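S.K.: Structure incoming, see below.
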Amino acid sequence: MAERTLMKGNEAVAEGAVRAGCRFFAGYPITPQNEIPEYMSWRLPEEGGTFIQAESEVAAINMLFGASSVGTRVMTSSSSPGISLKQEGVSYCAAAELPIFYTNIVRGGPGLGNIAPSQGDYFQATRGGGHGDYRVIVFAPKTVEEMANFPRTCYELAFKYRIPTMMLADGILGQMMEPVTFEFDPIDPSTLDLPDWALRGSKPEKRRVIKSYDLRPGKMEQWNFRLEKKYDEIREKEPRYEAVNIDDADIILTGYGTAARVCESAMALGRKEGLKIGYIRPITLWPFPKSVFREVRDKVEKFFVVEMSLGQYVEDVKLSLNGRSEIYLHKRPAGGIPTGEEVLELTRKILSGDKTKQVEE
Amino acid sequence: MEKVVFEQTKGLTDIPMRYCPGCGHGVVHRLVAECFMELGVQEKTIGIGPVGCSVFADEYFNCDMIQGAHGRGPAIATGIKRCRPDRLVFSYQGDGDLASIGAAEMLHSAMRSENITIIFINNAIYGMTGGQMAPTTLLGMKSTTSPSGRTVEANGYPIRVCELLAALDGPVYLERVSVDKPAAVVKTKKAIKRAFEYQLEGRGFTLVEILSQCPTDWHLTPLQAIEKIRKDLIPYYPLGIYREPEDAKRAKKEKVAVEKES
Ligand SMILES: Cc1ncc(C[n+]2csc(CCOP(=O)(O)OP(=O)(O)O)c2C)c(N)n1
Ligand code: SF4
Ligand SMILES: [Mg+2]
C-alpha cells in the first residue's frame, strides 16, 4: 500500500470506488467524464464486477436502483445534462433509502452548454436535485488524491444512513493528473455483511419489499418526517471542512473544489505580502459546514466567495453568516476559471474598501 | 373422499386486490404466483412492480418485491439480475409503462438479452391515470385523450410489441396470449412458466404479452370487455409464439412427427 502513482482524476475516482468495494457500474458516455466508464469497463470485470454501458442515463440510474436493492456497492457517473436525466431515479433511491454513489463531473450549462469546467450544478446537487423533499450527501474534492479516497467514505456513509452519496467535481479535476496515494486497503465486498434490508429472495414470512410510495392517508408525511430525522442526524454529525489561517484573518476566502484551490493559492500569495487572509473550504456541500462559518463570523468582517457559477454557493455562505459579516462574490460561470492572482488582486481591493463585489443580504 | 380442485396459491399474499371487477390483472397475478410456486423458487424470486394499476404488486406477490419508476422495470431487473444471477427476476408492466415511457429500456434489455422475464399486460389503455390513450390503443378506440377515437393522423399506429422485439436477435422467448376464457388462461400460465424455465436455465430475455381486459376504462361490462378482446384486440394483436429457442422448435416438430406416425 501507500504506493504513490500519477493518475487522472476521473480514473482515480473509478479506481477509488473499486477499491471501496464497488462491483456494479452503469453509465452513458458524456464529456468530460468518459474516462470513468472507460476505466470501469475493464477494471470491474477484473474484480468479478459488472460494467454496463446503458442505453441512457435514465436506464443507468435505474440499473443502480436495482443493483443496490440487493445490497451491491454501485456507482454511476455523468456530467451535468446526464445528471439532470438521472434525477428522477435519484429521488426514488432517496425515498427507498438505497445507498448509491454517483459523480457529477460538472460542465458548463445551462442546456448543452459546453464541456468546460463549471460549478453550475451546485443548487441541483445540494438541494436534492429531483422531485420531493430529500437530500443526498455531497462531497466536493479539490485534488485527484481526494477523488481517489473519498469514494470509501461515500460508501460508508451511504450504507450507514441508507442515503445516496455523490461527488461533485468538474472537468479540471476529472482531467488533470496528480500524484495519488490510496489511504485504505482494498475492500472485498464479499466479506461485508449483506444488510438486512437488501432483497435476496426471502422466506415468505420475512419477505422484503423496497418501494418509494405510500398512498395511505398520512403515511407519506410520516415517511418524510422519518427521512428528516436521518437528515438532521447527518447535518449534526457529518459536515466536513478545511479551515486555514482563520484566527487572525481580516478576510476569509471561501470556495469549494477547483475554486477552493484558487482561494488557497490567493491566500498563499497574499500572506507573502503580509495580508491577513484566511480560507474556508467545505468538503461536504451537503451537509454544509455551517458551524465553522458561525465560529468566525463575529471575528472576521469580510468574506470573499469565489465560485465558478452565478451566485449559488454564496447562498449557503450567506445563510451561515446570517448577516453578521460583509460578503463579496467573484463569479466565473460556464468555463471561466479564476486564477490566484486574479483573486488576490480583488482581495486587495476589497481590503482597501472597494465595495463593487459586495453582495446584498 | 374430498378432492381439492382449486386452492389459493401461497405465491400471493392475503391482501385483497384492489382491481376492478373483470380486470385481467388479478388473473395474471395468480398465474405468475402459481408459476414461481410450482417451480419451487418462491424463496429465490425477486419481482419488480411498475407504475400503473398494478403499482401495488409489491403487496400482492408473496416474494421479495421492488417498486420502481414508471417504465424502468427492465433496467431495474437488469441491475438485480446482474448482481444475483441465480435468482428468478420478473418485471411486471403495463403497456404505457413498457411500450411508451419505458420503450428504450424494453428494447435495450431485449437487445442485450438480459436473463429476465417481462410480464407485459396489454390492455390498450392507461388504466391507472383514468383511461388515456396508450401506445397500444387501437385505431378508432376512444380514450380520454383521443375522445373521438384514435386516428393515424393524430396518433399514428398502435405498437405490436412481440413483433417489434422479434426483429432483434436478443430475445429468447416471446409469446402473446390472452385471458379471455379458461383455455386461454391455461395457455397463459404455460407461457409464463416456460418463460421462467428459460430464465432459470440461463437462456436470456423472455417476455409474455397478455391481452388483458380493462372494463372500467373501456366503459364496458366485464363480459363485453371479454368480447372486445376477441373481436378487436386479437385480430390486431395475433396470439402466438414470436420467438422460441431452436431446441423447443425441434422438440415440437419431433412430437408432431411421432404423433403422425402413430
Ligand atoms: C414519470 C411519470 N410519468 C407519468 C406518470 C403517471 N402514470 C402513472 S401510471 C401511468 C400509465 C399506466 O398505464 P399502463 O402502463 O398501461 O398500466 P395500466 O394502469 O393500464 O395497467 C402514468 C402515465 C408517472 N407515475 N411517472
Ligand atoms: S382501471 Fe382497468 S386495468 Fe385498472 S384495475 Fe380497473 S379494470 Fe383493471
Ligand atoms: Mg395499460
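The values are calculated or read from the model by the stated rules, or taken from the named source; none is laboratory data. None of the values given here were measured: they were computed from a predicted structure. For neighbour counting, all protein chains shown are included, and Cβ atoms are generated from backbone atoms with ideal geometry for every residue, glycine included. Side chains are part of the model used for accessible areas, which takes the heavy atoms of the whole protein and leaves out ligands, DNA and RNA. Shrake-Rupley method; radii C 1.70, N 1.55, O 1.52, S 1.80 Å.
S.K.: What number do you get for the range B:25-261 when its Cα radius of gyration is normalised by 2.2 N^0.38 Å, N = residues?
M.R.: On the way: Rg = 17.3 Å, N = 237, 2.2 N^0.38 = 17.6 Å.
Relative to the rule-of-thumb radius for its length, the range B:25-261 sits at 0.98.
S.K.: Considering only Cα-Cα distances, which of the following residue pairs are longer than 27 Å: A:LYS229/A:LYS331; B:LYS189/B:LYS255; B:LYS3/B:LYS253; A:LYS272/A:LYS331?
M.R.: Numbers: A:LYS229/A:LYS331 35 Å; B:LYS189/B:LYS255 21 Å; B:LYS3/B:LYS253 37 Å; A:LYS272/A:LYS331 25 Å.
Where the Cα-Cα span goes over 27 Å, the pairs concerned are A:LYS229/A:LYS331; B:LYS3/B:LYS253.
S.K.: Note down the nm distance, to one decimal, between modelled labels 7 Å out along Cα→Cβ at A:ILE337 and at A:LEU215.
M.R.: 5.2 nm
S.K.: Any chance you could look up the accessible area of B:ILE46 with a 1.4 Å probe, heavy atoms only, rounded to 10 Å²?
M.R.: Accessible area of B:ILE46: about 0 Å².
S.K.: Next question. On the first, second and third principal axes, largest extent first, how far apart are the outermost C-alpha atoms of the range A:45-108 in Å?
M.R.: 35, 29, 18
S.K.: Only Lys, Arg, Asp and Glu count, each charged at its Cβ (+1, +1, -1, -1), so figure out the dipole size of the range B:148-238 about its Cα centre, rounded to 20 debye. Write down the numbers at each step before the final one.
M.R.: Values: 13 positive and 11 negative charges, 73 e Å.
So the dipole magnitude of the range B:148-238 works out to roughly 360 debye.
S.K.: Go through the range A:68-90 and flag every residue whose accessible area shrinks by 10 Å² or more with all protein chains in place compared to the isolated chain (probe 1.4 Å).
M.R.: By number: A:SER69, A:VAL70, A:THR72, A:GLU88.
S.K.: How large is the Kirkwood hydrodynamic radius of the range A:87-188, counting all unique pairs of alpha carbons, in Å? It would help to have the intermediate numbers written out before the result.
M.R.: Working: mean 1/r = 0.0693 Å⁻¹.
Across the range A:87-188, the inverse of the average 1/r is 14.4 Å.
S.K.: Below 8 Å between Cα atoms, with a sequence gap of 6+, how large is the relative contact order for chain A in percent? Display every interim value, and only then the final one.
M.R.: Values: 772 pairs, mean separation 64.4, N = 361.
That works out to 18 percent.
S.K.: Still on this structure, please answer the following. Considering every Cα-Cα pair within the range B:81-214, what fraction, in whole percent, is farther apart than 27 Å? Can you show the working numbers first?
M.R.: Details: 1980 of 8911 pairs.
Counting pairs separated by more than 27 Å, the tail of P(r) holds 22 percent.
S.K.: I'd like to know how the range A:277-361 sits against the 2.2 N^0.38 Å rule of thumb: what's its Cα Rg over that expected value?
M.R.: Values: Rg = 12.5 Å, N = 85, 2.2 N^0.38 = 11.9 Å.
My calculation over the Cα atoms of the range A:277-361 gives 1.05.
S.K.: Pop out the carbon and sulfur fraction of the accessible area of the protein assembly as shown as a percent, whole number, probe 1.4 Å.
M.R.: Details: 13270 of 25040 Å².
Looking at the protein assembly as shown in its full context, I get 53 percent from C and S.
S.K.: To continue, here is another question. At a Förster radius of 60 Å, what calculated FRET efficiency corresponds to the Cβ-Cβ distance of B:GLU261 and A:ARG294, to the nearest 0.05?
M.R.: Values: r = 91 Å, r/R0 = 1.51.
E(calc), rounded to 0.05, equals 0.10.
S.K.: Got a sec? Which residues in the range B:227-262 would a label at B:LYS181 touch, if it sits 7 Å along Cα→Cβ and we count backbone N under 12 Å?
M.R.: Answer for this model: B:227, B:230-231.
S.K.: Based on DSSP H assignment, which helices of chain B show an axial Cα extent of at least 18 Å together with a mean Kyte-Doolittle hydropathy greater than or equal to 0.0?
M.R.: On the way: long enough: B:24-38 (21 Å, 0.45); B:182-200 (27 Å, -0.21); B:246-261 (23 Å, -1.73).
Span-like helices here: B:24-38.
S.K.: If you build the Cα gyration tensor of the protein assembly as shown and take the root of 5 times each eigenvalue, what three semi-axes come out, in whole angstrom, biggest first? It would help to have the intermediate numbers written out before the result.
M.R.: Details: eigenvalues 576, 122, 94 Å².
They are 54, 25, 22 Å, listed largest first.
S.K.: In Å², and per residue, what accessible area does the range B:25-261 have when probed at 1.4 Å with the other protein chains present?
M.R.: Working: 8850 Å² over 237 residues.
Per-residue accessible area for the range B:25-261 comes out at 37 Å².
S.K.: Thinking of the range B:174-262 as a set of Cα atoms, what percent of all their pairs are more than 20 Å apart?
M.R.: On the way: 1871 of 3916 pairs.
Result: 48 percent of Cα pairs exceed 20 Å.
S.K.: Which of the residues in the range A:188-202 show a loss of at least 30 Å² in accessible area from their chain by itself to the complete set of protein chains, at a probe of 1.4 Å?
M.R.: Listed in order, they are A:LEU199, A:ARG200, A:GLY201, A:SER202.
S.K.: May I pose another question? Check each residue of the range B:78-94 and keep those whose accessible area, probe 1.4 Å, is at least 50 Å² smaller with all protein chains in place than in the chain alone; give them in order of residue number.
M.R.: Residues losing area: B:ARG82, B:CYS83, B:ARG84.
S.K.: Which Rg and Dmax, in Å, describe the Cα atoms of the range A:188-337?
M.R.: That works out to 21.7, 72 Å for Rg and Dmax.
S.K.: Helix A:219-237: angle to the longest alpha-carbon principal axis of chain A, degrees 0 to 90, nearest 10?
M.R.: 50 degrees
S.K.: On a 0 to 90 degree scale, rounded to 10, what angle separates helix A:340-351 from the longest Cα axis of chain A?
M.R.: 50 degrees
S.K.: Which stretch or stretches of the range A:91-127 have amide N atoms under 14 Å from the point lying 7 Å from A:ARG226's Cα along the Cα→Cβ direction?
M.R.: A:94-98
S.K.: Going by average Cβ neighbours within 10 Å, how do the peptides B:213-223, B:82-92, A:238-248, A:70-80 rank, with the highest at the top?
M.R.: Values: B:213-223: 18.6, B:82-92: 23.2, A:238-248: 15.8, A:70-80: 27.9.
With the highest mean Cβ count within 10 Å placed first, the list reads A:70-80, B:82-92, B:213-223, A:238-248.
S.K.: Quick check: convex hull of the Cα atoms in chain A, volume per residue, rounded to a whole Å³?
M.R.: So the per-residue hull volume is 145 Å³.
S.K.: Compute, for chain A, the length of the dipole vector about the Cα centre, with Cβ point charges of +1 (Lys, Arg) and -1 (Asp, Glu) only. Units Debye, rounded to 20.
M.R.: On the way: 46 positive and 50 negative charges, 173 e Å.
Charge dipole of chain A: 840 debye, to the nearest 20.
S.K.: Can you compute the helix-only [θ] at 222 nm over chain A? Use -39500 (n - 2.57) per DSSP H run of at least 4 residues, normalise by all residues, nearest 500 deg cm²/dmol.
M.R.: Details: 12 runs with 144 residues, N = 361.
Roughly -12500 deg cm²/dmol at 222 nm, from the helical runs in chain A.
S.K.: Also: Can you give the average number of partner chain beta-carbon atoms within 10 Å of each beta-carbon in peptide B:106-118, as a whole number? Please list the in-between numbers first.
M.R.: Values: counts 0, 1, 6, 3, 0, 1, 4, 0, 1, 0, 1, 0, 0.
Counting other chains' Cβ atoms within 10 Å and averaging over B:106-118 gives 1.
S.K.: I've got another one for you. Going from the alpha-carbon gyration tensor of the range A:1-133, what semi-axes, largest first and in whole Å, does one get by taking the root of 5 times each eigenvalue? Walk me through the numbers before you get to the answer.
M.R.: Values: eigenvalues 100, 75, 34 Å².
The answer is 22, 19, 13 Å, longest axis first.
S.K.: So how tilted is helix A:9-19 from the main axis of chain A? Cα-based, degrees 0 to 90, rounded to 10.
M.R.: 40 degrees
S.K.: On to the next question. Quick one: accessible surface of A:SER265, probe radius 1.4 Å, all protein chains present, in square angstrom to the nearest 10.
M.R.: Accessible surface of A:SER265 is approximately 50 Å².
S.K.: Over the alpha-carbon set of the range A:1-69, work out the extent along each principal axis and list the three values in angstrom, largest first.
M.R.: On the principal axes, the range A:1-69 reaches 37, 27, 16 Å in Cα extent.
S.K.: I would also like to ask the following. Could you work out the relative contact order of the range A:207-361, using alpha carbon pairs under 8 angstrom and six or more residues apart, expressed as a whole percent?
M.R.: Numbers: 228 pairs, mean separation 35.4, N = 155.
Relative contact order of the range A:207-361: 23 percent.
S.K.: Checking an interface number: how much accessible area is buried between A and B, summed over both chains, with a 1.4 Å probe, in Å² rounded to 100?
M.R.: Numbers: alone 15310 and 12500 Å², together 25040 Å².
That pair of chains buries around 2800 Å² in total.
S.K.: Here's a follow-up. Tally Lys/Arg at +1 and Asp/Glu at -1 over every other residue whose Cβ is under 9 Å from the Cβ of B:ARG230; what's the total? Working shown, then result.
M.R.: Values: positive: B:LYS181, B:LYS228, B:LYS231; negative: B:ASP180, B:GLU227, B:ASP232.
Net charge in that neighbourhood comes out at 0.
S.K.: For the range A:102-175, what is the accessible area per residue in Å² when the probe is 1.4 Å? Provide the component values of the computation, followed by the final result.
M.R.: Values: 2120 Å² over 74 residues.
For the range A:102-175, the solvent-accessible area averages 29 Å² per residue.
S.K.: While we're on this one: Give me the inter-chain shielding for B:41-48: mean count of other chain Cβ atoms within 10 Å, whole number please.
M.R.: So the per-residue partner count for this stretch is 4.
S.K.: Determine the order of B:ASP58, A:ASP250, B:ASP14, A:ASP214 by accessible area, beginning with the largest, at a probe radius of 1.4 Å. Show your work: numbers first, answer last.
M.R.: Working: B:ASP58 5, A:ASP250 80, B:ASP14 145, A:ASP214 25 Å².
The ranking, largest first, comes out as B:ASP14, A:ASP250, A:ASP214, B:ASP58.
S.K.: Net charge near A:MET176, counting Lys/Arg +1 and Asp/Glu -1 over other residues with Cβ under 14 Å of its Cβ? Could the numbers behind the result be given before it?
M.R.: Details: positive: A:LYS8, A:LYS142, A:ARG261; negative: A:GLU11, A:GLU35, A:GLU145, A:GLU146, A:ASP170, A:GLU178.
That sum, taken over residues with Cβ under 14 Å, equals -3.
S.K.: In addition: Determine the principal axes of the Cα atoms in the range A:308-358, then give the extent along each, sorted from largest to smallest and rounded to whole angstroms.
M.R.: Sorted largest first, the three principal extents are 29, 28, 15 Å.
S.K.: What accessible area per residue, rounded to a whole number of Å², is obtained for the range A:242-351 using a probe radius of 1.4 Å?
M.R.: Details: 3990 Å² over 110 residues.
Per residue, the range A:242-351 has 36 Å² of solvent-accessible surface.
S.K.: Taking R0 as 56 Å, what's the FRET efficiency between A:ASP248 and A:THR5 from their Cβ-Cβ distance, rounded to 0.05?
M.R.: Step by step, r from the Cβ atoms, then E = 0.90.
S.K.: How big is D, in µm² s⁻¹, for the range B:46-89 by Stokes-Einstein at 20 °C and 1.002 mPa s if Rh is the Kirkwood radius over C-alpha pairs? Mind dumping the intermediate values first?
M.R.: On the way: Rh = 10.5 Å.
Translational diffusion coefficient: 203 µm²/s.
S.K.: If you don't mind, another one. Under the rule a/c < 1.5 gives rounded, and otherwise a/b versus b/c splits prolate from oblate, where does the range A:153-234 land using the Cα gyration tensor? Walk me through the numbers before you get to the answer.
M.R.: Values: a/c = 2.87, a/b = 1.59, b/c = 1.81.
It is oblate, given that a/c is not under 1.5 and a/b is not larger than b/c.
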